[in-house]
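Okay, so here's the structure we're looking at.
The values are calculated or read from the model by the stated rules, or taken from the named source; none is laboratory data. Only a predicted model underlies this, so the values are computations on that prediction, with no experimental measurement involved. Cβ coordinates were reconstructed from backbone atoms using ideal geometry, including for glycine residues, and neighbour counts include every protein chain displayed.
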Amino acid sequence: MLNKTSIKSLFRITALTMAFLIFAVTGAQSYSLAAGAETTQRDQEAVTSTAENIVPETLTDETSNIAEDTLFDESHRNTEETATDENYHTLDVGDLETMGEDNSPEASMFVLPIVWAGMGIGQLLGWLAGGTAAVVTIVKFGENVARVADFAAELRKSKQKDKPRYYKAKIDKQGMYIFKGLTDEEALKHLKDSSSNDVWTPLETDAKSLALKYAVSIVGVGSIKITEKESHHLTGFNDTRYYLHYHGEKIGIKRSGHIFYDSTGRMGVNPR
């Protein structure tokens, strides 16, 4: 039979053993948890490092490739559209009318405004002579005009560029008078407005050209022509001065007024 001392020793040994076991089990669990946490942290750091070092490069490359591919596709598509525009063009009447004219951007860059547009005869003479015109204007037909011989002399001396080719003109028994400069379009319109309207130009070639333009612009059936140059001084009266000129016409339909190019004129030979 165990005595009290033996029982106490047994309880003490048992208690120590239980304490040791509890400590061993708890320590093992703590170590396991600590090791797991450390492993998890290392894994997370490894993932973070991988995400920082690999993912951005991959995304950047893919984004760059996508952007480059998109730009290439758009550039290729624009090139194809440009080539299509250049190779296929619908012609209309305006295209046919302007063929042969220099409509390049280089040419249009140097198109200057018409400085003399709208100038009266006094202003025009001043511009032609650089402000020192010696020609005296007179009043005829209710307007200031210049005698054609005086005007032609000033025109020949002028060093101005882009001078008018055509001029509104009118005649009476004493001679021809210049009113103002006309563009080519204005000269044609002036002739078409009335068969009694006249135009003067310094050059015979420009007179013939305007006569032809008038002929082809008249609507109606019939052959077009320009007349032989005329003066009428051989059939005219000796109190009237006559000038060389052309007419444009649609035969049997309409004839233009005079398109003069002579600045001297001749008196008729037949007495009145």
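Remarks
- Hits in the stretch 157-193 (condition: in a strand (DSSP E or B) and either within 33 Å of the chain's Cα centre (by Cα) or at pLDDT below 95 (or both)): 166, 167, 168, 180, 181, 182
- Within the stretch 221-272, the set of residues being among the charged types (D, E, K, R) and touching a Pro at 6+ places or on another chain (Cβ under 9 Å) comprises just one member, 239.
- Candidates are the residues of the stretch 129-156 that are charged (D, E, K, R) and within 22 Å of residue 183 (Cβ to Cβ); the one that is nearest to the chain's Cα centre (by Cα) is 156.
- Residue count, the stretch 192-222 (criterion: among the hydrophobic types (A, V, I, L, M, F, W, C) and farther than 18 Å from residue 179 by Cα): 8
- Complete set of residues in the stretch 227-257 that are among the hydrophobic types (A, V, I, L, M, F, W, C) and either farther than 19 Å from residue 206 by Cα or out of contact with any helix residue (DSSP H, G or I) (no Cβ under 8 Å at 6 or more places or on another chain) (or both): 234, 237, 251, 253
- The criterion of being touching a His at 6+ places or on another chain (Cβ under 8 Å) and either closer than 21 Å to residue 203 by Cβ or buried (at least 17 other Cβ atoms within 10 Å of the Cβ) (or both) holds for residue 171.
- Counted residues, the stretch 232-253 - those being surrounded by fewer than 17 Cβ atoms within 10 Å (Cβ to Cβ) and at pLDDT 90 or above: 6
- Of all residues in the stretch 141-150 being free of Cβ contacts under 8 Å to residues at least 60 places away in the same chain and not in a loop (DSSP other than H, G, I, E, B), the one that is surrounded by the fewest Cβ atoms within 10 Å (Cβ to Cβ): 143
- Failed item, numbered, when residue 154 is tested on (1) surrounded by 12 or more Cβ atoms within 10 Å (Cβ to Cβ); (2) assigned to a helix (DSSP H, G or I); (3) out of contact with any helix residue (DSSP H, G or I) (no Cβ under 7 Å at 6 or more places or on another chain): (3)
- Residues that are surrounded by 14 or more Cβ atoms within 10 Å (Cβ to Cβ), part of a helix (DSSP H, G or I) and within 33 Å of the chain's Cα centre (by Cα), drawn from the stretch 194-207: 206, 207
- Selected residue (criterion: nearest to residue 154 (Cα to Cα)) from residues of the stretch 198-247 that are among the polar types (S, T, N, Q) and out of contact with any strand residue (DSSP E or B) (no Cβ under 8 Å at 6 or more places or on another chain): 205
- Inter-residue pairs, beta-carbon under 7 Å, first part of a helix (DSSP H, G or I) and in the stretch 120-132, second polar (S, T, N, Q), 6+ apart: 121/137; 121/144; 122/137; 122/144; 127/160; 128/158; 128/160
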